[in-house]
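Down below is the structure, laid out as structure tokens.
No lab work stands behind these numbers, since they all come straight from the coordinates. Remember, predicted model here, so these are calculated numbers, not experimental data. Note that we place each Cβ from the backbone using ideal geometry, even for glycine, and neighbour counts take in every protein chain shown.
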Amino acid sequence: MTAPALKERPVRTKAKPTRQRTRRREAIGLVLPSLIPILVLSVAPIVVGIFLAFTDARLVRHPDYAFAGIDNFTKLVDNDLFWDSLRIGMIWTVGVTVLQLAAAMGLALLLDSGLRLQGLTRVLALVPWAMPPVVVAIMWQMIYSANGGPLNAVLGSVGLPDDINWLGDFSFALPAVIVVGVWVGMPQTTVTLLAGLQQIPAELHEAASMDGAGAWRRFTAVTWPSLRPIVTSITSLNFIWNFNSFSLVYVLTAGGPGGKTMVPVLFVYLEAFKNREIGYAAAMGLVLVLVVVLILAVYLRSQFRDDRAGKGR
Amino acid sequence: MRGLVRPAQYAALALYILFLGFPLLWLMSASVKSSGELNSLTVSLLPSEWHWENYTEALDKQGLIRSAGNSLVVALASTALAVLIAVPAAYVLARLRGKLRVAGVGWILVSQVFPVVLIILPLFLILRTLGLADNLAGLTLVHTTYMLPFALWMLQGYVAAIPVELEEAGAMDGASRLTVLRTIVFPLLAPGVVATAMFSFVSSWNEFFFALVLLQSPENYTLPITLNMFVGGEGKVALGPLAAGAVLAAIPSIVFFSILRRKLTSGLMAGAVKG
């Protein structure tokens, strides 16, 4: 690296092709240290993962691979538990993503409207996101607890049933887990929306007010359209993050009760590391990737189509 | 009607604050309650008397201090490693145009959306082949790799903010590229490096999934894994010490995040909007 650098030194503008090659070599040298871990621990696993999906590999000391063609996938078609988990995963993902956006939008608008207590809310809003997911899960287990949990105590004090085992109940477990997901993910969304809100020129709101637009009309005519690009990108990212999130549900319920919170990521994990069917689990993983990509493609397409249609107005 | 807007807004804000803050308050309160009070049927937000011994008991719990040590080692090592290799790469990413940059940015975005669940099996097999599964060094490398995208993204933003003219001026004066980097770029990059390092530390300190899959011997457990053990089955510690342990585990992250608050906002903005 020293030699080319010396060659470059005398006159900067001379000998362009050589200089360009030098710069390229320099650039590769600077990038290489991060390229190696990425290739070995990020790109290679993706490739191996796709390969595994077409084998019957099992998790043993010396895995015996045999090529299995699409056997894993045909087997998957009949696996009702997997499709159940996909359905649960969709409720979890869409539920958290939508509620998160709605709650964050509300909070961002409140923070943007010049209330007091902004500092407190802003600090508070970052804490859930910063905390280790395990700690979040432990904390919410205490909140939801059927013996002496504060949630039941509050419900009891207003005359509602106060003996619900939130995380252990067949019908309440999934909604209860979704609330925790919203609690964790809301801050980040709020912060991003708030930054977006602050970029909307005040004149737009003033002009709308002059035209006699009320708060709701101003929101639909000015705020929402201006935020659209940001909303689209955070919704996409949140969707992916929520679909792929593992730790929270794993610690809160481990998929229980009776598989009612068995999100797909958890299902694949158990298939791989408890049932030790890694070829089969890899096939599931691959199907999940395709599902997410497909949903996102449809969503983003619809967003762009709206944009194009919106131009005419 | 108009007069009702502000009160309604404050009521809504109070609800949010309650929703965000109450669980935290409850955890902290549980961490100083006596076991008698925690198990009693009368529920109160504040402890009737403060019991700090939950904290000493939590620290006494077998494995908690050792796993906190493991977490600290892994987080410090992976942060140092990530920053060390991300700074030069981020520099290239920010300064160069063309295919290399497109590939780099593209990979950063894809890596954000790729489900770990497909990666985790082969990753486990690769690390096992390398003799690095159930090993803190292996976990460190994994954390380094998976904090790189965000580190690169943050850092290249900081590099882009440094006027390229400063470097050109240095080059005119006859300084070599490395000298320019060392004397001009790095000092200006320092705040960005600190912010990136703090963020990386927190993500490693909090990380659960990789540690759960890769670590099998209890002496290698990181703090989140040990805490999870206490929740389920065998450990089943008393609630008070568990809450105390959870509070202790959350402190470093919360401290770093409150320092980082402003910087993260802009970093996230860039990521979200341009993403």
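Length gained on full extension, B:Ser258 to B:Met172, computed as 0.36 nm times the residue gap minus the Cα-Cα distance: 26.8 nm.
Going out from 0 in 10 Å bins, what whole percent of all Cα-Cα distances in the protein assembly as shown drops into each bin? In order of increasing distance, the bins hold 3, 15, 24, 26, 19, 10, 3, 1, 0 percent.
Total lysine pairs in chain B at Cα distances under 22 Å, for residues eight or more apart or on different chains: 5. A DSSP coil position with no more than 16 other Cβ atoms inside 10 Å describes the following GluC sites (Glu not before Pro) in the stretch B:1-73: B:Glu49.
A DSSP coil position with no more than 14 other Cβ atoms inside 10 Å describes the following chymotrypsin sites (Phe, Trp or Tyr not before Pro) in the stretch A:35-144: A:Tyr65.
Stokes-Einstein diffusion coefficient for the stretch A:143-250 at 4 °C in a medium of 1.567 mPa s, Rh from the Kirkwood formula over Cα pairs: what value in µm²/s? Answer, rounded: 75 µm²/s.
Measuring gaps between exposed loop sites in chain B (chymotrypsin sites (Phe, Trp or Tyr not before Pro); DSSP loop; at most 14 other Cβ atoms within 10 Å), the longest gap, sites not included, is B:53-275. Shape descriptor for the stretch A:210-312: Rg over Rh equals 1.19 (Cα atoms; Rh from the Kirkwood inverse mean 1/r). Among the trypsin sites (Lys or Arg not before Pro) in the stretch A:75-118, those placed in a DSSP loop whose Cβ has at most 12 other Cβ atoms within 10 Å are A:Arg116.
Adding -39500 (n - 2.57) for every DSSP H run of four residues or longer, then dividing by how many residues chain A holds, sets the calculated 222 nm ellipticity at -23000 deg cm²/dmol.
Bridging of A:Lys260 to aspartates and glutamates at a Cα separation below 15 Å is possible for A:Asp80, A:Asp84, A:Asp169, once same-chain residues fewer than 8 apart are set aside. Each of A:Asp80, A:Asp162 was scored by other Cβ atoms within 10 Å of its Cβ. Listed from fewest to most, they are A:Asp80, A:Asp162. In this label model, B:Leu188 and A:Ala146 are separated by 6.3 nm, measuring between points 7 Å along each Cα→Cβ vector. Where the alpha-carbon atoms of chain A are placed on the principal axes, they occupy 83, 67, 41 Å, in descending order. If R0 is taken as 51 Å, the Cβ-Cβ distance between A:Thr220 and A:Asp78 corresponds to a FRET efficiency of 0.65. Take every pair of alpha-carbon atoms less than 8 Å apart whose residues are at least six positions apart; their mean separation over the length of chain B yields a relative contact order of 30 percent.
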